[in-house]
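The values are calculated or read from the model by the stated rules, or taken from the named source; none is laboratory data. If you're wondering where the values come from, they're calculated on a predicted model, not measured in any experiment. All Cβ positions, even for glycine, are placed from backbone atoms using ideal geometry, and neighbour counts span all protein chains on display.
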Amino acid sequence: MISLKPHYYKHLVKLALKEDLNSVGDVSTNAVFTGKEIGTFRLIAKAQGVLCGTAVFCEVFRQIDTRLTIDSYFTDGDSLTPGTVVARVHGSIRSILMGERTALNFISHLSGIATRAHELVSIAHNVVQNENQNNQEQCVRILDTRKTLPGYRMLQKYAVGIGGAENHRIGLYDMVMLKDNHIDAAGGITQAVEKVRKRWGNKYKIEVEARTLTDVQEALSLNVDRIMLDNMDNDTILKAIKIINGKIETEASGNMNEQRLAKLAGSGLTFISFGELTHSVKAFDFSLKHEKPESQT
């Protein structure tokens, strides 16, 4: 799993605040508050899921006002339920309101990814457990894809790992993946694989996209590291798994959903990849609410 490093998000936070405040600032808040008013705001979970993005949430307020204090009661990977008070932000009300939406945008997006990853992993494990309680090793593993928001890739892939799923290659630089356009333009699977090996030898793992069972047999004969079963229906995937017979890793991709995952979780597939984990995930619902002093309650 990717470790979260500050340089993955500090520049994004700076960009997001510049986008929101421009050179003018928060005209609403600046009209109402002088900067001297002090208050406390609670970060409240409004759904059930997995927390992710606490460091980024804190970074937003740090960049706005280093005098703000944040008390976090949970860490990334913790389970949340509706009504949970996740953290408190204390200090200048003006500063807190300036960062409110940006901070919520980050933590809501990343917690949404972690939550969805956890849901998919849980579906797979529950299916396999029900089918064979003693053979969790055969459970398919959930992968993300490169369908990420530009600039957010490392954060999004970090969130996938927090949710219990796994990362596919990070970018174009760390694994060879020969897709349909590579194969068609090179003249075929064999030609493409041979060119890769001539250029790189065994430096990188090679994954080959297979669109038919004939493609599967050809890729298997070339002793590649992984075969992607692309946009195949369940019956064809099962036939491909039988052909491959555990000799190399397999990955099913394309038009995957919870129903298909449930049917394929214990099939012998190594991986199923879900683009939805990063390109269309539902944001986790949080709110940041002003906490009245005890004397006013």
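Output the residue which, of all residues in the stretch 198-241 that are under 18 Å from Leu172 (Cβ atoms), without any contact (Cβ under 8 Å) to a residue 40 or more places away in the chain and of a type in the set (Lys, Arg), is surrounded by the most Cβ atoms within 10 Å (Cβ to Cβ).
Checking each candidate, the answer is Lys205.
So which residues in the stretch 41-97 are assigned to a helix (DSSP H, G or I), of a type in the set (Gly, Ala, Ser) and within 25 Å of Lys157 (Cα to Cα), if there are any at all?
Residue satisfying the conditions is Ala55 alone.
Conditions: (1) surrounded by 19 or more Cβ atoms within 10 Å (Cβ to Cβ); (2) in contact with a strand residue (DSSP E or B) (Cβ under 7 Å, 6 or more places away or on another chain). Thr278 meets all but one. Number of the miss?
For Thr278, the exception is condition (2).
Do we find that Phe274 is out of contact with any His (no Cβ under 9 Å at 6 or more places or on another chain) and not assigned by TED's automatic domain parsing to the domain that holds Ala124 in this structure?
Against the criterion (out of contact with any His (no Cβ under 9 Å at 6 or more places or on another chain) and not assigned by TED's automatic domain parsing to the domain that holds Ala124), Phe274 does not qualify.
From the list Asn134, Asn105, pick out the single residue that is at pLDDT below 95, over 15 Å from Thr278 (Cβ atoms), of a type in the set (S, T, N, Q) and out of contact with any strand residue (DSSP E or B) (no Cβ under 9 Å at 6 or more places or on another chain). Walk me through how you get there before you give the answer.
Working: Asn105 fails: at pLDDT below 95.
Just one listed residue meets the conditions, Asn134.
So, in the stretch 98-133, of the ones that are among the hydroxyl-bearing types (Ser, Thr, Tyr) and over 15 Å from Tyr152 (Cβ atoms), which residue ends up surrounded by the most Cβ atoms within 10 Å (Cβ to Cβ)?
Among residues in the stretch 98-133 that are among the hydroxyl-bearing types (Ser, Thr, Tyr) and over 15 Å from Tyr152 (Cβ atoms), the one surrounded by the most Cβ atoms within 10 Å (Cβ to Cβ) is Thr115.
If we keep just the residues of the stretch 87-104 that are of a type in the set (A, V, I, L, M, F, W, C) and over 16 Å from Arg67 (Cα atoms), which is farthest from the chain's Cα centre (by Cα)?
The residue in question is Ala87.
Within the stretch 47-60, identify whether any single residue is at negative phi, touching a Ser or Thr at 6+ places or on another chain (Cβ under 6 Å) and either of a type in the set (D, E, K, R) or surrounded by fewer than 20 Cβ atoms within 10 Å (Cβ to Cβ) (or both), and answer yes or no.
yes
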